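Asker: Let me begin by handing over the structure; questions about it come next.
FYI, it's all coordinate maths here, none of it is from the lab. Since the model is a prediction, treat every value here as computed from it, not as a measurement. Methodologically, a virtual Cβ is constructed for each residue, glycine included, from the backbone with ideal geometry; neighbour enumeration extends over all protein chains shown.
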Amino acid sequence: MFDLKKNIKAETVDKAIKHLAENPDAKLIAGGTDVLIKLRQGKSEYCELVDIHDIDELKFIRIDDDKSIVIGSGMVFSKIIESDIIKKHIPMLCEAAESLGGPQVRNMATIGGNICNGVTSADSASSLFTLNAILILKGEDGTREIPISDFYLGPGRVDLKKCEVLTAFKITHDNYQGYFGHYYKYAMRDAMDIATIGCAVCLKTKNGILKDYRIAYGVAGPVPMRCRETEKTVINKKVSKDLLDEIAKTVEKDVNPRTSWRASREFRINIIKELSKRATKKALKRAGEKF
Amino acid sequence: MTSHGFREITFSINGKEKKLHIDVRKSLLEVLREQLGLTSVKQGCAVGECGACSVLVDDVLIDSCIFLAVWAHGKKVRTVEGEAKNRKLSKVQQAYVDEGAVQCGFCTPGFIMATTSFVEKHKGEKKTREEIRKDHAGNLCRCTGYQNILKAVEKCINSDLVK
Ligand SMILES: Cc1cc2nc3c(=O)[nH]c(=O)nc-3n(C[C@H](O)[C@H](O)[C@H](O)COP(=O)(O)OP(=O)(O)OC[C@H]3O[C@@H](n4cnc5c(N)ncnc54)[C@H](O)[C@@H]3O)c2cc1C
Ligand code: FES
Ligand code: FES
């Protein structure tokens, strides 16, 4: 039994916002794969819940008229993997989704919950960072949009205002069209394990030149992060083996991993450097570059 | 709508419609075992790691230990108890028996439901061992060493291909 004081079912997003306003201590529950674990561990901060598990308006993937891809926050990872839109336009997000948990967890865990828990190891986060994903949030005063890079405030802390619900992620056309990406997860086990390091690369090339380059990590710092210095250094350079080495060298200056029981800082840095090469190489291959 | 205490839910369990008053704090695992006596559903870890509590909800494989029972309202729930029809084991169950994929049996109901979901989802497709492993990664077995379980799953898939 879960130690719940309240469990209020919301039929719509607007009702969820209303319930949150009326119950200031209540938290949202979507797939519950984080919240219910915390309740099992006896954490009382989740003892009042507003339940958005069954809200259909949060479960969709569509392409808008302006060609933006919009993913409802209530989409579970197995549905993201199966989505023709995602498979065709942002396959790296399928890779991220496939790397998360096991089948049962992927059938329950939502992409909204993965980002709102504020955890640095969230497998979908680094890919969404490289896609410049925009979060659509709805609250008492209406809707606002914010880039994912501004959403993370610190470990476990995100910029969710009082009574706000994350409704969707938007990836605009200019952020996926012509881009090729890859997500590489390094963990102690091949399945059912939290990333030791997760690395996402998304890039665009023209005539053998790196026209745009984005690299993001999970677990390389307190929150998921882009490596802006590295990106600046390598954009407009010629694709080559040396460039891969340069990326691996520069990326070390961008990151700040810590030692935990899973892995030491030194080990993580070693993995960070190697994954930068592997993920970039794979993305370049997808872009049709030979070197 | 009550926010706490008890709530009435209706759902289909192994093909039968049921109406239950349930404590909103309970997991689906607890309701299945305690209120319906469906003790094939096992609690191993209670935190989504071992898959011993796996059941199908609207034919989707989930861990019932981290699934609120109230979420089953209006849905179709399947456990191992409902898989044998007319005193005949399901194809998946029979394959586990034939391949000796069962030792202590604690993980078996969860594995059967995982394989059932896998076989139904990939009907008529050829699957590699790697794909079978990946789709059973949410289930742990402390006894068999997995080899015979893999063989059982392969047998189900192959018999589908022959038909
Ligand atoms: C066995 C197991 C293995 C796992 N493996 C992985 C893994 O490999 N990689 C990984 O990244 N994660 C993993 N997880 C963690 C978890 O499954 C994911 O983080 C998942 O995406 C969380 O989504 P959820 O819908 O279950 O979230 P919930 O538990 O419902 O919610 C998580 C948090 O987000 C908030 N929230 C949820 N939806 C919204 C919304 N729409 N608006 C605002 N706030 C919201 C909740 O209030 C809560 O704080 C694992 C979990 C388990 C149990
Ligand atoms: S008891 Fe549910 S996954 Fe272990
Ligand atoms: S047969 Fe004993 S745990 Fe699998």
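Asker: Tell me which cysteines of the protein assembly as shown come out unpaired when the rule is another cysteine's Cβ under 4.7 Å.
Answerer: Unpaired cysteines in the protein assembly as shown: A:47, A:94, A:116, A:163, A:199, A:202, A:227, B:104, B:143, B:156.
Asker: To continue, here is another question. Work out the length of the dipole vector of the stretch A:135-239 about its Cα centre, built from +1 on the beta-carbon of each Lys and Arg and -1 on the beta-carbon of each Asp and Glu, and round it to the nearest 20 debye.
Answerer: For this selection, approximately 420 debye.
Asker: May I ask you to list the lysines whose Cα is less than 25 Å away from that of residue A:253, ignoring any residue fewer than eight positions away on the same chain?
Answerer: Hits, sequence-local ones excluded: A:185, A:204, A:211, A:232, A:237, A:238, A:241, A:273, A:277, A:281, A:282.
Asker: Can you sort B:135, A:123 so the residue with the fewest Cβ neighbours within 10 Å comes first? It would help to have the intermediate numbers written out before the result.
Answerer: Values: B:135 22, A:123 27.
Sorted ascending by nearby Cβ count, the order is B:135, A:123.
Asker: Need the list of aspartates and glutamates near residue A:38 for cross-linking: C-alpha distance under 20 angstrom, and skip anything on the same chain fewer than eight residues off.
Answerer: A:3, A:25, A:48, A:51, A:123, A:193, B:23, B:30, B:49, B:63
Asker: If you build a Gaussian network model of chain A, linking Cα atoms that sit under 10 Å apart, which residue out of A:164, A:266, A:98 swings the most?
Answerer: Highest fluctuation among the options: A:266.
Asker: Near residue A:290, which aspartates and glutamates are there with a Cα under 19 Å away, not counting those fewer than 8 places off in the same chain?
Answerer: Output for residue A:290: A:212, A:242, A:245, A:246.
Asker: Next question, about the same structure. Please identify, among A:208, A:142, A:181, the residue showing maximal mean-square fluctuation in a Gaussian network model of chain A using a 10 angstrom Cα cutoff.
Answerer: Result: A:142 has the largest fluctuation of those listed.
Asker: Based on the Kirkwood radius over alpha-carbon pairs, what is the Stokes-Einstein translational diffusion coefficient of the stretch A:217-291 at 4 °C with 1.567 mPa s viscosity, in µm²/s? Don't jump to the answer; show the numbers that get you there.
Answerer: Details: Rh = 13.0 Å.
Answer, rounded: 100 µm²/s.
Asker: Lys/Arg Cβ at +1, Asp/Glu Cβ at -1, dipole of the protein assembly as shown taken about the Cα centre: which of B:104, A:32, A:83 is farthest positive-ward?
Answerer: Farthest towards the positive end: B:104.
Asker: Can I ask one more? Which residue fluctuates most in the GNM of chain B (Cα springs below 10 Å): B:107, B:143, B:53?
Answerer: Fluctuation is largest for B:143.
Asker: Same structure again: Over the C-alpha atoms of the stretch B:123-163, what are the Rg and the largest Cα-to-Cα span, Dmax, in Å?
Answerer: Just the Cα atoms of the stretch B:123-163 yield Rg and Dmax of 10.8, 34 Å.
Asker: What spacing in nm lies between the two simple spin-label points modelled at residue B:128 and residue A:62, each 7 Å away from Cα in the Cβ direction?
Answerer: For residue B:128 paired with residue A:62, the spin-label model returns 3.8 nm.
Asker: Antiparallel DSSP bridges in the stretch A:1-150: what percent, to the nearest 5?
Answerer: 60 percent
Asker: List, in order, the whole-Hz ³J(HN,Hα) value for each residue of the stretch B:93-99 obtained from phi through the Karplus relation with A = 6.51, B = -1.76, C = 1.60 and θ = phi - 60°; use x for Gly and Pro.
Answerer: 4, 4, 5, 5, 5, 4, 8
Asker: What are the ³J(HN,Hα) values, in whole Hz, obtained from phi via the Karplus relation 6.51 cos²θ - 1.76 cosθ + 1.60 with θ = phi - 60°, for each residue of the stretch B:127-138 in sequence order, with x given for Gly and Pro?
Answerer: 10, 7, 4, 4, 5, 5, 4, 4, 7, 10, 5, x
Asker: Sorting check: for B:28-35, A:59-66, which peptide has the highest mean count of neighbouring beta carbons within 10 Å, and how do the rest follow? It would help to have the intermediate numbers written out before the result.
Answerer: Values: B:28-35: 21.0, A:59-66: 12.4.
Averaged packing, sorted descending, gives the order B:28-35, A:59-66.
Asker: Taking amide H positions as placed in the peptide plane 1.01 Å from N, state which residues far from residue A:167 in sequence (5 or more) or on other chains have amide H under 5 Å from it.
Answerer: A:136, A:137, A:138
Asker: Round to the nearest 10 and give me the degree value, 0 to 90, for the angle of helix A:265-286's Cα axis relative to the longest principal axis of chain A.
Answerer: Roughly 70 degrees between the two axes.
Asker: Here's a follow-up. Please state, to two decimals, what the Cα-based radius of gyration of the stretch B:1-159 comes to when divided by 2.2 N^0.38 Å (N = residues). List each step's numbers first, then the result.
Answerer: Details: Rg = 15.9 Å, N = 159, 2.2 N^0.38 = 15.1 Å.
For the stretch B:1-159, the normalised Cα radius of gyration is 1.05.
Asker: I'd like the mean, over residues of B:59-71, of how many other protein chain beta carbons sit within 10 Å of each residue's own Cβ. Before the final figure, lay out each step's value.
Answerer: On the way: counts 0, 7, 7, 7, 9, 1, 3, 13, 8, 11, 0, 5, 8.
Averaged over the peptide's residues, the number is 6.
Asker: Might you report the magnitude of the Cβ-based charge dipole of the protein assembly as shown about its Cα centre, with Lys and Arg at +1 and Asp and Glu at -1, to the nearest 20 debye?
Answerer: Numbers: 74 positive and 60 negative charges, 240 e Å.
Roughly 1160 debye, rounded to the nearest 20.
Asker: Within the stretch A:56-175, how many lysine pairs that are 8 or more places apart, or on different chains, have C-alpha atoms less than 27 Å apart?
Answerer: 24
Asker: Here is a further query. Share of antiparallel DSSP beta bridges in the protein assembly as shown, in percent to the nearest 5? Don't skip to the answer; put the middle values down first.
Answerer: Working: 56 of 65 bridges.
Antiparallel bridges make up about 85 percent of those DSSP assigns within the protein assembly as shown.
Asker: Taking the mean number of other Cβ atoms within 10 Å as a proxy for protection, how do you rank A:12-18, A:124-130 from highest to lowest? Mind dumping the intermediate values first?
Answerer: On the way: A:12-18: 17.1, A:124-130: 29.3.
Descending mean neighbour count gives A:124-130, A:12-18.
Asker: Going by a ≥ b ≥ c, the root eigenvalues of the Cα gyration tensor, does the stretch A:6-51 fall in the rounded group (a/c under 1.5), the prolate group (a/b larger than b/c) or the oblate group? Don't jump to the answer; show the numbers that get you there.
Answerer: Values: a/c = 3.08, a/b = 1.68, b/c = 1.83.
In terms of gyration-tensor shape, oblate.
Asker: Another question, if that's okay. Per residue of A:42-52, count partner chain C-beta atoms within 10 Å of its C-beta, then hand back the mean as an integer. Walk me through the intermediate numbers first.
Answerer: Working: counts 0, 0, 0, 0, 0, 1, 2, 3, 1, 5, 0.
The shielding value for this peptide is 1.
Asker: How many Cβ atoms of partner chains, on average, are near each residue of A:2-11 if near means within 10 Å of its Cβ? Intermediate results must be reported in sequence, preceding the final value.
Answerer: Values: counts 8, 1, 7, 3, 5, 9, 5, 9, 1, 1.
Mean partner shielding for this stretch: 5.
Asker: Counting each pair of different Cα atoms once, what's the Kirkwood radius of chain A in Å, rounded to one decimal?
Answerer: Working: mean 1/r = 0.0512 Å⁻¹.
So the Kirkwood estimate lands at 19.5 Å.
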